[in-house]
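Visitor: Dropping a structure here in structure tokens format, bear with me for questions.
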Amino acid sequence: MSQAQATTQGFGKWRSFLWPVYGYELKKLLPMFFMFFCISFNYTILRDTKDTLVVTAAGAEAIPFLKSFGVVPAAILFMVIYAKLSNVLSKENLFYVTLVPFVLFFGLFAFVFYPARESLMPTASAEVLRSYLPAGWSGLAAAYHNWMYSIFYIAAELWGSVVLSLLFWGFANQITKVVEAKRFYSLFGLGANLALLVSGPAIVFVSDIRKHLPADVDAWQISLNYLMGMVVVAGILVMATYWWIQRNVLTDTRFYDPNQEKAPSKKKKTKMSLGDSFKFIFTSKYILCLAILVITYGISINLVEVTWKSQLKLQYPNYNDYSTFMGYFSAVTGFVTVLMMLFVGGNVIRRKGWGFAAGITPIVLLITGIGFFGFVIFRDNLSGFIASIGTTPLFLAVLFGAIQNIMSKSAKYSLFDPTKEMAYIPLDEESKVKGKAAVDVVGARLGKSGGSIIQMGLLTLGSLASITPYIGGILILVIIAWIFAVRSLSRQFHQASAEAAEKTIPAVS
């Protein structure tokens, strides 16, 4: 009998399938679940709001430049600061110090910076910059002109990498055993997608508020105030829940043994510079494969999303209309992902193993990506059929892109994220903390910036519409590399898990 089977022994068939948790474990699971819910609630609101601000004001063409020249440098700067702070602060204080600036900025943006936007936009210098750039690089000038939105976009992008991937999952990996992770991690993910089901309708509600306001009132300003107000409240709840877990869960030896973390390291804590962190990634095949997974995912999703969002702006040019569509999109994504997590995610990991589960996401992106790009490229050949069903090629392109994004995101939340985080568990403490910081923060940004760099290079040859066939071909090559990395990491993960299990046997006995 395997360890996973032994752990779930005593559960009924359907409970083992849907809710493989013992009653006493709820004290640990539920607050972690709630933390993930609040972080993901903010993630959805920030993701949809940043796209609404940038795409409607600067165009989707600005996104590759923001990710390459804004998000990646910001991520690297964050990693340098975080690595230094990790050497002088306790893990609990490091959590608060990292999270508080995000909460303050998003609150200030809505209530201070956005109302003063007109007086702060460098219109004249942006026009000068545009005159010197190639026609395909007008997105760079637009990003500069709308610099406040650009900073918001960068901070919102970092929320996913820093707060969701680094802070939450780093904390979860610290206090969760492998046998718990196989049952808990997919359930944590349910919190993220229940958040989508809540945040999606919330976005729709506050974005539709303009229907009930006088014509001379800035409806988007009111909507933004509500959206960022919710982000601030959820951020405070995350910190309060983390504080409660530190004092009520981690003091219970059933859930966490502090000696397990302290025992192996009687020597002085190892300090790593930025260069050492990168060297650590490229000298460890295991961490390198993890980095490839994160980077190829980022490139793949970025290549598809920018093309889709360019279609979406044409369909919904107004701030509130765009935000309303994104709210519906998030709600449907949450519904589909919850179904995936209940009936696919955790059960596939437990029954088919890590490698099989980790391989599903790239396959999903490959199939749906080919479908989306195929329609965008050849839709003119289907004009007669499209007209016969009473719609437009533009709306169908938006719809096909939405379906592609929903399927890829549901696969990410239900399979990619849990398997990626499980891969860190058998590693030593140094690899978990600093290797994870480098892979999740910088690796994720390099992934998305890699897609952006590809698009920027192609944009020198023409418009976003003209380079779409090339983007589709590059997507296929990137996903093939992703699949090979999954196969290699699967072998290493099982070997590392077996070695970690052998080391814990003497301590148990």
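Visitor: At a probe size of 1.4 Å, how large is the accessible area of K211, to the nearest 10 Å²?
Guide: The accessible area of K211 comes to roughly 150 Å².
Visitor: What figure, in Å² to the nearest 10, do you get for the accessible area of Y319 with a 1.4 Å probe and non-protein molecules left out?
Guide: 60 Å²
Visitor: Say the dipole of the range 331-438 comes from +1 at the beta carbon of Lys and Arg and -1 at that of Asp and Glu; which of S431, F395, G359 then lies farthest toward its positive end?
Guide: After comparing all options, I get G359.
Visitor: Can you put T460, T307, T391 in order of accessible area, largest first, using a 1.4 Å probe? Mind dumping the intermediate values first?
Guide: Working: T460 75, T307 0, T391 40 Å².
Descending accessible area places them as T460, T391, T307.
Visitor: Also, I was wondering about something else. Where does each of F343, F168 land when they are ordered by accessible area, with a 1.4 Å probe and the largest first? Show your work: numbers first, answer last.
Guide: Values: F343 105, F168 0 Å².
Result of the area sort, largest leading: F343, F168.
Visitor: Now, a different point. Residues of the range 30-95: accessible area per residue at 1.4 Å, in Å²?
Guide: Working: 1890 Å² over 66 residues.
With all protein chains present, the range 30-95 gives 29 Å² per residue.
Visitor: Can you sort D208, D218 by 1.4 Å-probe accessible area, starting with the largest? Don't jump to the answer; show the numbers that get you there.
Guide: Details: D208 40, D218 60 Å².
Sorted by accessible area, descending: D218, D208.
Visitor: Now a separate question. How large is the direction-averaged shadow of the alpha-carbon convex hull of the range 367-493, in nm²? Write out the running numbers ahead of the final one.
Guide: Values: hull surface 38.0 nm².
In nm², the orientation-averaged hull projection of the range 367-493 is 9.5.
Visitor: If you take the square roots of the eigenvalues of the alpha-carbon gyration tensor of the range 99-157 and sort them as a ≥ b ≥ c, do you get rounded (a/c under 1.5), prolate (a/b over b/c) or oblate?
Guide: On the way: a/c = 4.49, a/b = 1.91, b/c = 2.36.
Oblate.
Visitor: Would you kindly state how much longer the chain becomes between Q315 and R130 on full extension, computed as 0.36 nm times their sequence separation minus their alpha carbon distance, in nm to one decimal?
Guide: Working: separation 185, 0.36 × 185 = 66.60 nm, distance 2.53 nm.
Here the answer is 64.1 nm.
Visitor: Oh, and also: Once label points are set 7 Å from the Cα along Cα→Cβ at both I389 and R487, what is their separation, rounded to one decimal in nm?
Guide: Distance between the two pseudo-spin positions: 3.6 nm.
Visitor: For the range 318-452, what is the accessible area per residue in Å² when the probe is 1.4 Å?
Guide: Values: 4570 Å² over 135 residues.
In whole numbers, the range 318-452 has 34 Å² accessible per residue.
Visitor: Heavy-atom accessible area per residue, the range 194-238, 1.4 Å probe: how many Å²? If you can, show how the numbers build up before the last one.
Guide: Values: 2070 Å² over 45 residues.
Value for the range 194-238: 46 Å² per residue.
Visitor: What accessible surface, in Å², does a 1.4 Å probe find on F385, ignoring ligands, DNA and RNA and rounding to the nearest 10?
Guide: Surface accessible to solvent at F385 totals approximately 130 Å².
The values are calculated or read from the model by the stated rules, or taken from the named source; none is laboratory data. As the structure is a computational prediction, the values presented were derived from the model and not from experiment. In this analysis, Cβ positions are derived from the backbone assuming ideal geometry, glycine residues included, and neighbour counts consider all displayed protein chains. Surface areas here come from the heavy atoms of the whole protein model, side chains and all, with no ligands, DNA or RNA. Shrake-Rupley method; radii C 1.70, N 1.55, O 1.52, S 1.80 Å.
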